[in-house]
1. Determine the order of ASP21, ASP258 by accessible area, beginning with the largest, at a probe radius of 1.4 Å.
2. For the chain, what does the helix formula give at 222 nm: sum of -39500 (n - 2.57) over DSSP H segments with n ≥ 4, over the residue count, nearest 500 deg cm²/dmol?
3. Can you list the trypsin sites (Lys or Arg not before Pro) in the range 1-72 that are in a DSSP coil and have 15 or fewer other beta carbons within 10 angstrom?
4. HN-Hα J couplings of the range 277-291 from phi, Karplus 6.51/-1.76/1.60, θ = phi - 60°, integer Hz, Gly and Pro as x?
5. Cα centroid distance between the range 281-317 and the range 228-256, in Å?
6. Using label points projected 7 Å from each Cα along Cα→Cβ, tell me how many nm separate SER305 and GLU117, to one decimal.
7. Could you pull out which residues in the range 161-186 have an amide N less than 14 Å from a spot 7 Å beyond the Cα of ALA206, following the Cα-Cβ vector?
8. Could you pull out every one of the lysines with an alpha carbon less than 30 Å from that of LYS129, ignoring same-chain neighbours closer than 8 positions?
Amino acid sequence: MDNKIIHIDMDAFYVSVEIRDNPELANKPVAVGGKSSTRGVLSTCNYIARSYGVHSAMPTHLAFLKCPELIILSGRMKSYKQVSEHLHRIFKRYTTIVEGVSLDEAYLDVSSCKLFEGSATLIAQDIRKTIFNELSLTASAGIAPLKYLAKIASDLNKPNGQYVIPPCNVITFINEMPLSKISGVGKVSFEKLLHYGFEYGKDIRASSETLLTQQFGRLGRSLWLKCQGIDTKTVEVNRIRKSIGVERTFSSDIKEIDKLLYVLNNKLIPELKKRAGNYLKLIHNVSVKIKYSDFQLTTKTCLFSEFDTNIFEMMLIKVLESRRGKSVRLVGIQLGLKESNKNTQLSLF
Ligand SMILES: [Mg+2]
């Protein structure tokens, strides 16, 4: 049985909410973003503004050059969040397997949805109709048996449209698909791919996994799989993240404290900081974990709300005080996160 995945993407989301709430803005070029002409950047703009060449992520001063009458609003995050919550309530009427990727974008796995005799095309149509009836906003949808294709498809009949890639058309679609459409293939990667003669899915399909992995590493392998019609990613219900941690198991056990501190400061801490990214503001506690050569495990946790390099070092030294000469097999550090951070996480994307 093929999976049925729907990717829903609201059209010009922030701006559409603004225009819905201020109808006098309709028929005018409107954007939401930073108003400062020196540092401002647009986050979204409507289709009228786009017809002037204005687009999201464009610096405000440049947008004004392209469209001097552009109206820029600073945005009301609270309203957008409310709309997003309403959207999720709608999605839940069709399936429990919903993965929000941002306030206005979500994947739905409707493989087991019994409505409309299981037709994902009709389910998507109904979801979009319901969104319009209840929120007066338009959404676009992509329907495909693979998650990454659903995402590509939702863009093809935008705004206020949908595109279906039925299982029997997957390979045909992939063959003609420019690789730049795949999320994860940025401008730089695409140029590199082009340089080696890979432009469309069919070029990847004509190559080999070994060659692609050699030339492009992980990206190469991932493209190979995707173009074979395999997506290793499934729709994952958002869970509240409780912790983020990194650890190292050594190839041979370490006894010297200097070496352990070196690994801590030069490997683990920078790695954890990088992975923590947007979660740095949500730290609730910090932990250090040690596994000794005899596999005994010790963990120490401190309530601490900042990312402080020194605290890990102090905690590690403290834990090691009670090791009775044993050498260390594994060191790990972890950030415990505040509870109910789900909404914050969504808005941070
Ligand atoms: Mg959108």
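The values are calculated or read from the model by the stated rules, or taken from the named source; none is laboratory data. All figures in this text were calculated on a predicted structure; none of them were measured in a lab. Because the Cβ atoms are built from the backbone with ideal geometry, glycine has one as well, and the counts that use them run over all protein chains shown. We work out accessible area using only protein heavy atoms, side chains counted, and drop any ligands, DNA or RNA first. Shrake-Rupley method; radii C 1.70, N 1.55, O 1.52, S 1.80 Å.
1. Listed by decreasing accessible area, they come as ASP258, ASP21.
2. Calculated mean residue ellipticity at 222 nm is -11000 deg cm²/dmol.
3. Answer in residue order: LYS35, ARG39.
4. x, 5, 8, 4, 7, 10, 5, 10, 8, 10, 10, 10, 10, 10, 10
5. 18 Å
6. 5.8 nm
7. So the set is 175-177.
8. LYS4, LYS28, LYS78, LYS81, LYS92, LYS114, LYS147, LYS151, LYS158, LYS181, LYS233, LYS342
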